Amino acid sequence: MKKPAEIDQKLEVTVIPVSDVERARQFYRGLGWREDVTPSQVVQFTPPGSHASVHFGEGATSAEPGSARHFLVVSDVVAAHEALVAAGLPVGDLFHGGPDGPVPGADPQRRSYVTRAELADPDGNTWVLQEVTTRLPGRVEADDTSYASIADLEAALTRAAKAHGEHEARNGGVHDEQWPAWYAEYMVNEQTGAELPQ
């Protein structure tokens, strides 16, 4: 018999409380989220690149509209923020954690998990955009590494290229014939939180 930890359990849906279903539907369409067909009366939207979706609708939850708070992971929070602002969506300013609390702007070193911005739907349900490029150790198995979009893959390749240039410079500027293996190790280790190759 399997133990609970041996059974794959993938988060499928989270429910958000809204007061006006059609208003919420228009908002999430405006975000560019995909509206899915469901076998029930709830409305379901899925953010681009996400495996989990959002439900809302009449009777979907007894929670107070506007009480939900969820995190959306993005690989480049500055670009995501600029796109939301350009689309006229209600996103707050970028901020990052400092020793005395939030500090305006993106983290100068662009450390993973540090820079955020908050977006609220018409009811006040909050979506925290959080930049994650390198996962903390143990969060992702090496066999499960993947990229949700072309933009995520491009951003990962750009980070790997920069790190590989530093690797070649440390080795006297000699061209690394094994660069594909180095890139592959870097990109998998970045996602899994393992030590990055030098």
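The values are calculated or read from the model by the stated rules, or taken from the named source; none is laboratory data. Worth saying up front: this structure is predicted, and the values here are computed from it rather than measured. As a convention, Cβ positions derive from the backbone with ideal geometry for all residues, glycine included, and neighbour counts pool all protein chains shown.
In region 175-191, what residues are more than 28 Å from the chain's Cα centre (by Cα) and surrounded by 13 or more Cβ atoms within 10 Å (Cβ to Cβ)? Spell out how you get there, then give the answer.
As a first pass, look at region 175-191 and keep what is more than 28 Å from the chain's Cα centre (by Cα): 175-178.
Residue satisfying the conditions is Asp176 alone.
Only residues that are among the acidic types (Asp, Glu) and not in a helix (DSSP H, G or I): list them for region 74-99, please. Give the steps one after another, and end with the answer.
Looking only at region 74-99, we keep the residues that are among the acidic types (Asp, Glu), and these are 76, 82, 93.
Of everything in region 74-99, those that are among the acidic types (Asp, Glu) and not in a helix (DSSP H, G or I) turn out to be Asp76, Asp93.
Identify the residue in region 110-129 that is assigned to a loop (DSSP other than H, G, I, E, B) and of a type in the set (S, T, N, Q) and, among all such residues, is nearest to the chain's Cα centre (by Cα). Outline the logic, then answer.
Residues of region 110-129 assigned to a loop (DSSP other than H, G, I, E, B): 110-114, 121-125.
Right, trim to of a type in the set (S, T, N, Q) and you get 112, 125.
Numbers: Ser112: 11, Asn125: 17 Å.
Taking the candidates together, the pick is Ser112.
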Find all pairs meeting these conditions: Cβ atoms under 6 angstrom apart; at least six residues apart or on different chains; first residue within region 145-173 and within 16 Å of Pro48 (Cα to Cα); second residue among the hydrophobic types (A, V, I, L, M, F, W, C) and modelled with pLDDT under 85.
Tyr147/Leu153
Which members of region 1-35 meet the condition of being within 24 Å of the chain's Cα centre (by Cα), of a type in the set (A, V, I, L, M) and surrounded by 10 or more Cβ atoms within 10 Å (Cβ to Cβ)?
Val13, Val15, Ile16, Val18, Ala24, Leu31
Region 181-196 - residue that is of a type outside the set (Asp, Glu) and farther than 22 Å from Glu131 by Cβ and, of those, modelled with the lowest pLDDT:
Ala184
Quickly run through region 36-77 and pick out the residues that are hydroxyl-bearing (Ser, Thr, Tyr) and either in contact with a Pro (Cβ under 7 Å, 6 or more places away or on another chain) or surrounded by 17 or more Cβ atoms within 10 Å (Cβ to Cβ) (or both).
Ser53, Thr61, Ser67, Ser75
Which one is farthest from Leu31 (Cα to Cα), of the residues in region 54-93 that are hydroxyl-bearing (Ser, Thr, Tyr) and over 13 Å from the mean Cα position of the chain (by Cα)?
Ser62
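Does Glu35 meet the test of being touching a Lys or Arg at 6+ places or on another chain (Cβ under 9 Å) and either assigned by TED's automatic domain parsing to the domain that holds Ala117 or of a type in the set (Lys, Arg) (or both)? If you could, list the steps in order and put the result at the bottom.
Working: touching a Lys or Arg at 6+ places or on another chain (Cβ under 9 Å): yes; either assigned by TED's automatic domain parsing to the domain that holds Ala117 or of a type in the set (Lys, Arg) (or both): yes.
The answer is yes for Glu35.
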Restricting attention to region 101-121, does a residue exist that is under 30 Å from Asp8 (Cβ atoms), not acidic (Asp, Glu) and not assigned by TED's automatic domain parsing to the domain that holds Val78?
no
